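Undergrad: My structure is below; once you've seen it, I'll send some questions.
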Number of protein chains: 2
Amino acid sequence: MPASIKDVAKEAGVSIATVSRVLNDVDVVNEETKKKVVEAINKLGYRPNIVARSLKTQRTKTIGIIIPDISSQFYPEIVRGAEDVANIYDYNIMLCNTDLDPEKEMEYLRVLKEKMVDGVLYMSTSLEPNIVDLIDKLQLPMVLVETTNREGNIPSVTIDNEKAAFDAVNYLIKRGNKNIAYVGTHEDEVNASALRYKGYKHTLEENGLKLNENITYFGGLKAQDGYEGIVEILKHGKIDAVFCASDEIAMGAINALRDNGFRVPEDIDIIGFDNIYSASIFYPKITTIAQPMYDMGSVGMRMLIKIINKQEVESKNYILDHELIERDSCKK
Amino acid sequence: MPASIKDVAKEAGVSIATVSRVLNDVDVVNEETKKKVVEAINKLGYRPNIVARSLKTQRTKTIGIIIPDISSQFYPEIVRGAEDVANIYDYNIMLCNTDLDPEKEMEYLRVLKEKMVDGVLYMSTSLEPNIVDLIDKLQLPMVLVETTNREGNIPSVTIDNEKAAFDAVNYLIKRGNKNIAYVGTHEDEVNASALRYKGYKHTLEENGLKLNENITYFGGLKAQDGYEGIVEILKHGKIDAVFCASDEIAMGAINALRDNGFRVPEDIDIIGFDNIYSASIFYPKITTIAQPMYDMGSVGMRMLIKIINKQEVESKNYILDHELIERDSCKK
């Protein structure tokens with residue numbers, strides 16, 4: 001028979017209400033009494049019924065994480081960073097895969113609200129207006145990770161994607177490359193990776209290089225998109241290097257180049273984006289822009305917990321540092 | 001103002017108790033009344049307070065998933081399979097990373113019990129006696145995925161690791177290889193991968209090949225272990241092929257062979273185990289034993305939900321099929 005709150009009260013020589021106040025961290029209990037209650041709790045191994053307490057405190061010590069797909073290469077490390085921080089602060093995480101389907105995103109938001117999570121860490125491409133409306137209505141504390149928010153009213157953690165693209169393209173230019181292709185998301189799309197195209201375009205301009213639309217290809221962020229992009233580009237133009245908006249694109253691009261008789265990096269330089277694990281073991285190992293995935297998750301979770309606890313958050317939109325990792329897919 | 005249970009009762013023309021009985025799926029309500037209540041619920045968009053209901057029904061529609069590390073290459077797909085099935089049956093998942101630390105495993109079990117999860121999907125290497133005791137004490141419905149359970153009293157989903165190792169080693173033997181090295185877990189360890197060494201040993205025996213301990217190496221399952229294993233083995237013996245107990249070992253082994261002037265597969269055949277994503281994009285692409293990771297998660301979750309709902313489960317220990325995937329790391 002596990003110890004009850006009554007046993008704790010008896011052991012500590014206080015009322016049940018006092019034990020309850022200590023458990024719920026209400027500050028009216030004096031330190032001496034608090035100490036007695038905590039000692040009694042430890043002695044008896046008392047564990048309060050968290051679900052019943054949740055109803056009273058309106059806190060479940062649970063945080064929802066909404067992501068496109070945990071089985072992709074990008075999200076597991078973010079989630080790991082988030083869960084590690086959650087664990088430090090005694091929160092658990094509820095994981096929801098949406099496949100970027102807005103219906104699923106909205107349904108999960110509703111379910112998480114019903115299950116009374118204390119907040120949500122949200123990852124998508126961009127927030128559509130109807131989702132922003134729903135978030136407003138549900139009044140869930142929320143932090144966005146690498147997710148565009150047109151209104152900018154929801155706290156977020158990102159990297160500076162445009163500056164990161166600048167660093168990547170500049171690196172290619174400094175190696176003497178002039179005909180630099182782009183394979184990635186279209187600039188009209190509202191998401192983080194679209195900013196990479198913007199960075200690409202501006203860097204060419206700043207260096208007096210003309211944008212050649214024959215050697216840009218817009219598609220998704222998968223290896224298949226990289227493969228198809230290169231096949232298409234090779235039909236229309238001569239290239240020295242490729243800036244890929246994701247590492248998966250870079251892998252597909254390298255395979256397409258190999259299949260068309262080009263060597264990387266001897267003939268063509270390739271730079272990727274993200275620094276997923278596969279980029280580090282691909283042949284050749286891929287030079288890339290590293291997003292600090294673990295930190296994005298852990299910093300995002302820390303912000304969220306501060307918001308939940310009404311603590312001050314230093315910055316509404318937190319920009320983390322990216323890093324260019326030199327490997328073997330660009331000429332030395 | 002969201003609709004309350006009172007509004008639903010009024011709309012349906014029934015008592016609050018009747019609405020409650022319908023919501024809690026108690027069978028004493030007649031079909032006609034039930035229909036009226038459901039119509040009223042839909043019309044008003046009523047959503048019951050799930051947390052309050054949980055206390056009454058002792059069900060939270062939440063399932064805990066305990067895994068070593070979501071950021072490893074192996075677990076994300078299992079978790080995705082599990083969450084997809086959970087979602088179909090209106091369950092949410094709570095994700096817990098343990099790093100195989102028994103203290104963390106036990107603490108998560110206690111927390112999940114307190115948060116009243118309906119069951120737990122458990123992944124570790126093996127279940128230590130004190131963890132089995134705790135599981136008994138907490139009386140949490142549980143299914144193990146790819147986790148050894150000495151007593152065999154907890155339902156599980158695995159592949160036949162010994163048979164899979166047999167298939168791998170036999171494949172190497174059929175290609176004319178005689179000096180087949182092993183890099184992986186020691187046979188004395190109580191976990192799934194130790195069974196792979198058993199399979200290796202027996203297959204050699206069955207084919208009249210002598211086990212040569214100079215070309216076996218015991219360590220962990222990471223790329224670094226594969227690299228070190230090959231460096232060690234090359235000091236002591238001549239090898240034609242390597243059976244690696246994981247794909248990460250295979251990657252490390254290939255890199256070590258390359259650094260020592262050997263080509264894969266021209267000089268030495270390599271076979272891996274697991275079929276993680278990286279194995280399919282490594283150079284050369286790695287021939288491997290595929291574990292059906294998505295299915296392990298989804299089948300495990302389906303079993304668990306059946307157990308939670310006191311439905312019959314066909315098999316206490318469910319063995320899923322493995323598959324040998326031929327790629328480029330063995331001679332054709």
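Undergrad: Output the number of residues of the range B:160-177 satisfying the condition of being in contact with a Leu (Cβ under 6 Å, 6 or more places away or on another chain) and acidic (Asp, Glu).
TA: The number of residues fulfilling the criteria is 2.
Undergrad: Checking the condition in the same structural domain as residue B:177 (by TED's automatic domain parsing) and in contact with a Lys or Arg (Cβ under 7 Å, 6 or more places away or on another chain), which residue from B:221, B:234, B:209 passes?
TA: B:209
Undergrad: Against the definition (of a type in the set (Val, Ile, Thr), more than 10 Å from chain B (Cβ to nearest Cβ) and touching a residue at least 60 places away in the same chain (Cβ under 8 Å)), how does residue A:37 come out, yes or no?
TA: Details: of a type in the set (Val, Ile, Thr): yes; more than 10 Å from chain B (Cβ to nearest Cβ): yes; touching a residue at least 60 places away in the same chain (Cβ under 8 Å): no.
Considered against the rule, which asks whether it is of a type in the set (Val, Ile, Thr), more than 10 Å from chain B (Cβ to nearest Cβ) and touching a residue at least 60 places away in the same chain (Cβ under 8 Å), residue A:37 comes out as no.
Undergrad: Same structure again: What number of residues in the range A:288-314 are within 17 Å of the chain's Cα centre (by Cα) and not hydrophobic (A, V, I, L, M, F, W, C)?
TA: Qualifying residue count, the range A:288-314: 8.
Undergrad: Exactly one of (1) more than 12 Å from every other protein chain (Cβ to nearest Cβ); (2) open to solvent by less than 10 Å² (accessible area, probe 1.4 Å) is unmet by residue B:136. Its number?
TA: That leaves (2) as the condition not met.
Undergrad: Determine if the range B:108-120 includes at least one residue that is surrounded by fewer than 20 Cβ atoms within 10 Å (Cβ to Cβ), under 23 Å from residue B:191 (Cα atoms), away from chain A (no Cβ under 12 Å) and in contact with a strand residue (DSSP E or B) (Cβ under 8 Å, 6 or more places away or on another chain).
TA: no
Undergrad: Cβ-Cβ distance below 8 Å, separation of 6 or more or different chains: which pairs start in the range A:9-24 with a residue that is farther than 19 Å from residue A:61 by Cβ and end on one that is surrounded by 13 or more Cβ atoms within 10 Å (Cβ to Cβ) and acidic (Asp, Glu)?
TA: If the second residue must be surrounded by 13 or more Cβ atoms within 10 Å (Cβ to Cβ) and acidic (Asp, Glu), the pairs left are A:12/A:39.
Undergrad: Moving on to the next point. Only residues that are open to solvent by less than 10 Å² (accessible area, probe 1.4 Å) and facing another protein chain (nearest Cβ under 7 Å): list them for the range B:63-72, please.
TA: Once the filter is applied, which keeps residues that are open to solvent by less than 10 Å² (accessible area, probe 1.4 Å) and facing another protein chain (nearest Cβ under 7 Å), the range B:63-72 yields only B:70.
Every residue, every condition in (1) of a type in the set (S, T, N, Q); (2) within 8 Å of chain B (Cβ to nearest Cβ); (3) touching an Asp or Glu at 6+ places or on another chain (Cβ under 8 Å), yes or no:
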{"site": "A:74", "(1), (2), (3)": "no, no, yes"}
{"site": "A:84", "(1), (2), (3)": "no, yes, no"}
{"site": "A:89", "(1), (2), (3)": "no, no, no"}
{"site": "A:94", "(1), (2), (3)": "no, yes, no"}
{"site": "A:101", "(1), (2), (3)": "no, no, no"}
{"site": "A:143", "(1), (2), (3)": "no, no, no"}
{"site": "A:149", "(1), (2), (3)": "yes, no, no"}
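Undergrad: Here's another thing I want to ask about it. What do you reckon, is residue A:147 under 21 Å from the mean Cα position of the chain (by Cα), under 24 Å from residue A:286 (Cα atoms) and modelled with pLDDT under 95?
TA: The answer is no for residue A:147.
Undergrad: Within the set of pairs 6+ apart or on separate chains, which have a first residue in the range A:202-231 that is free of Cβ contacts under 8 Å to residues at least 12 places away in the same chain, a second that is not in a helix (DSSP H, G or I), and C-beta atoms under 8 Å apart?
TA: A:205/A:211
Undergrad: Something else now. Out of the range B:70-100, which residues are modelled with pLDDT of 95 or more and part of a loop (DSSP other than H, G, I, E, B)?
TA: Scanning the range B:70-100 gives B:70, B:91, B:98.
Undergrad: All but one of (1) in contact with a helix residue (DSSP H, G or I) (Cβ under 8 Å, 6 or more places away or on another chain); (2) open to solvent by less than 20 Å² (accessible area, probe 1.4 Å); (3) under 23 Å from residue A:318 (Cβ atoms); (4) not polar (S, T, N, Q) hold for residue A:166; state the number of the condition that does not hold.
TA: Tallying (1) in contact with a helix residue (DSSP H, G or I) (Cβ under 8 Å, 6 or more places away or on another chain); (2) open to solvent by less than 20 Å² (accessible area, probe 1.4 Å); (3) under 23 Å from residue A:318 (Cβ atoms); (4) not polar (S, T, N, Q), residue A:166 fails exactly one: (2).
Undergrad: Here's something else I'd like to know. Is the range B:300-316 home to any residue that is part of a loop (DSSP other than H, G, I, E, B) and touching a Ser or Thr at 6+ places or on another chain (Cβ under 9 Å)?
TA: At the first step, the residues of the range B:300-316 found to be part of a loop (DSSP other than H, G, I, E, B) are B:309-316.
Cutting the leftovers down to touching a Ser or Thr at 6+ places or on another chain (Cβ under 9 Å) gives us B:316.
Checked against the condition, which is being part of a loop (DSSP other than H, G, I, E, B) and touching a Ser or Thr at 6+ places or on another chain (Cβ under 9 Å), the range B:300-316 yields at least one hit.
Undergrad: Which of the residues belonging to the range A:12-27 are open to solvent by 50 Å² or more (accessible area, probe 1.4 Å) and at pLDDT below 70?
TA: Matches in the range A:12-27: A:25, A:26, A:27.
Undergrad: Give me the pairs: first residue in the range A:41-60 and open to solvent by less than 60 Å² (accessible area, probe 1.4 Å), second residue modelled with pLDDT of 80 or more and among the small types (Gly, Ala, Ser), beta-carbon distance under 8 Å, and six or more apart or on different chains, which are they?
TA: A:46/A:40
The values are calculated or read from the model by the stated rules, or taken from the named source; none is laboratory data. Please read all numbers here as calculations on a predicted model, not as lab measurements. Glycine gets a Cβ as well: all are built from the backbone with ideal geometry, and neighbour counts include every protein chain shown. Protein only, heavy atoms only, side chains kept; ligands, DNA and RNA dropped before computing areas. Shrake-Rupley method; radii C 1.70, N 1.55, O 1.52, S 1.80 Å.
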